[in-house]
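Report on one structure; see the data block that follows.
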């Protein structure tokens, strides 16, 4: 039977059962998924070295024990190309899907990399044609970065980590409804289908969930 092997790379540690348990049933039968993590072979001390310094752009991911980890975008960008090439060689995958919604504009990949950001951007800009958007990100200090990332007429950014306690979806929905946003982006791969459903019950605007969009993108490509 014809099959295609695709790697899923988290910028944290694998396996990401919090993600793959939800999206594995979405893949077409001929697609085989294997996982890898950017931090898989690193010691706690080495991971500590990847934490963001003052004024560095912070990214958020998950460790194997379920805890949240903050990482420097600049340091992660430097590691990604080599790790992706290694995954393609060792795991014999046709492509690598990034379990991260960050845009890595200055990072060059020699292998086929499927980034949720580009699909999210296409949907919100070209399909929904939304001018007023709501975006949910894990950290308060990602707000300015997020506004620059999406570049819309109006952007309302709310912070709620998918890995720790924080604002309620009711509080976030109230703000989005007040601002009359036209679409919502849950801007982290860690947000679950359940999160999407909770928020969708409170607002009428379409919500884009990266993990589901990534799965369907892989299906379309292979």
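The values are calculated or read from the model by the stated rules, or taken from the named source; none is laboratory data. Please read these numbers as outputs of a predicted model, since none were measured by experiment. When we count neighbours, we look across all protein chains shown, and the Cβ atoms used for this are built from the backbone with ideal geometry, even at glycine.
Summary table
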{"item": "Conditions (1) assigned to a helix (DSSP H, G or I); (2) surrounded by fewer than 16 Cβ atoms within 10 Å (Cβ to Cβ): number failed by residue 124", "result": "(2)"}
{"item": "Filtered residues of segment 127-144 (kept if part of a loop (DSSP other than H, G, I, E, B), touching a residue at least 40 places away in the same chain (Cβ under 8 Å) and surrounded by fewer than 21 Cβ atoms within 10 Å (Cβ to Cβ))", "result": "128, 131, 139"}
{"item": "Counted residues, segment 17-48 - those being part of a loop (DSSP other than H, G, I, E, B) and in contact with a helix residue (DSSP H, G or I) (Cβ under 8 Å, 6 or more places away or on another chain)", "result": "4"}
{"item": "Every residue from segment 145-163 that is surrounded by fewer than 17 Cβ atoms within 10 Å (Cβ to Cβ) and touching a strand residue (DSSP E or B) at 6+ places or on another chain (Cβ under 6 Å)", "result": "147, 154"}
{"item": "Residue within segment 27-40 that is surrounded by fewer than 16 Cβ atoms within 10 Å (Cβ to Cβ) and over 22 Å from residue 217 (Cα atoms) present", "result": "yes"}
{"item": "Matching residues, segment 204-214, being touching a strand residue (DSSP E or B) at 6+ places or on another chain (Cβ under 7 Å) and crowded, with 17+ Cβ neighbours inside 10 Å", "result": "205, 207, 208, 209, 210, 214"}
{"item": "Residue in segment 85-99 that is within 20 Å of residue 135 (Cα to Cα), touching a helix residue (DSSP H, G or I) at 6+ places or on another chain (Cβ under 8 Å), outside the structural domain of residue 135 (by TED's automatic domain parsing) and buried (at least 16 other Cβ atoms within 10 Å of the Cβ) present", "result": "yes"}
{"item": "Complete set of residues in segment 174-195 that are assigned to a helix (DSSP H, G or I) and touching a helix residue (DSSP H, G or I) at 6+ places or on another chain (Cβ under 8 Å)", "result": "193, 195"}
{"item": "Residues within segment 152-173 that are in a loop (DSSP other than H, G, I, E, B) and within 17 Å of residue 208 (Cα to Cα), tallied", "result": "4"}
{"item": "Number of the condition not met by residue 199 [criteria: (1) buried (at least 19 other Cβ atoms within 10 Å of the Cβ); (2) more than 30 Å from residue 14 (Cβ to Cβ)]", "result": "(2)"}
